Amino acid sequence: RSHMDVLSSDGATVGEVTSGTFSPTLKEGIALALVDASVSIDDEVVVDVRGRHVPFAVVKAPFVVSNVRADG
């Protein structure tokens, strides 16, 4: 869901979710977020989803490795 706060491990707001959904391929939630430069790949963050703190890992896109050949 967009506009959810992204929090650091100490509870400070470090960003905001721009979009999110459930991934049937990964069988878990995924999201895109704008985060502070202090947040690095592989950091653990928490997203406040309707008052519930849900842990997320910061990863580099794409979320899933494609098996489609690019040279078509």
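Miscellaneous remarks
- Filtering segment 13-51 to residues that are of a type in the set (Gly, Ala, Ser) and under 29 Å from residue 67 (Cα atoms) leaves 19, 20, 23, 29, 31, 33, 40.
- Flag if residue 18 is assigned to a loop (DSSP other than H, G, I, E, B) and either in contact with a Ser or Thr (Cβ under 7 Å, 6 or more places away or on another chain) or of a type outside the set (Lys, Arg) (or both): no
- Counting residues in segment 31-47 that are over 20 Å from residue 2 (Cα atoms) and either in a strand (DSSP E or B) or in contact (Cβ under 8 Å) with a residue 40 or more places away in the chain (or both) gives zero.
- The number of residues in segment 51-72 being in a loop (DSSP other than H, G, I, E, B) and free of Cβ contacts under 8 Å to residues at least 40 places away in the same chain comes to 14.
- Among the residues of segment 19-31, the one identified as within 13 Å of the chain's Cα centre (by Cα), of a type in the set (Val, Ile, Thr) and either loosely packed, with under 14 Cβ neighbours inside 10 Å or more than 19 Å from residue 60 (Cα to Cα) (or both) is 21.
- Verdict on residue 5 being surrounded by 15 or more Cβ atoms within 10 Å (Cβ to Cβ) and either touching a residue at least 40 places away in the same chain (Cβ under 8 Å) or over 13 Å from the mean Cα position of the chain (by Cα) (or both): yes
Only the coordinates and a few stated rules stand behind these numbers; no lab work does. All figures in this text were calculated on a predicted structure; none of them were measured in a lab. We place every Cβ from the backbone using ideal geometry, glycine too, and count neighbours over all the protein chains shown.
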